[in-house]
Amino acid sequence: MPAGRPTDYLEEFAERVETFCADGYSLTAFAGEIGVCRATINNWCGEFPEFLEAVNRAKAARARWWEERAREIAQKGGPGGQATMVIFGLKNHAPDDFKEVTRQEHTGKDGGPIATQILTPEQKAEQAVRLIDETFGLVSHGGADADR
């Protein structure tokens, strides 16, 4: 018999999560609805394959709900931030389809490749000494100057 607290999972949660999220609600809201924390939902997805499949269907149903709101606003308009809220909902609840992608490229001189230099440990040490000298105005590292 396994040790630990028995699970709070009920088979009915597979159906309930789909129905609940079909109204646009998140998995976190579902967790609150059934009195567990969000991490429990994640754990159940790992423990109960039928629940994982239901959660994936629930996410698709939730995305459909948000897309329907976007279509309504596109067709009829919407007052006071409705469009912003729907954009936010779609980006967060259906990121595979609605995430913003920003691409940045870095190039070297005249659009060419970035020049790199591989230094040996000795070369790195020499470079560090040179930078310290430049920063603090030191001239050499031997004799009496080394005590400064």
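What follows is calculated from the coordinates using simple rules that are stated; it is not laboratory data. This structure is a prediction, so every number in the text was calculated from the model and none was measured.
So the values come out like this:
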| read-out | value |
| --- | --- |
| Computed log₁₀ I(q)/I(0) - Debye formula, equal Cα scatterers, no solvent, the chain, q 0.09, 0.10, 0.15, 0.19 Å⁻¹ | -0.60, -0.63, -0.87, -1.16 |
| Angle between the chain longest axis and helix 38-47 axis [Cα atoms, degrees, rounded to 10] | 80 |
| Cα centroid separation - the range 79-101 against the range 1-56, whole Å | 25 |
| Difference of contour (0.36 nm per residue) and Cα-Cα distance, LYS109 to ASN42 | 19.3 nm |
| 0 to 90° range, to nearest 10: angle between helix 82-93 axis and the chain longest Cα axis | 80 |
| When the convex hull of its Cα atoms is projected in every direction, mean area for the range 57-129 (nm²) | 11.2 |
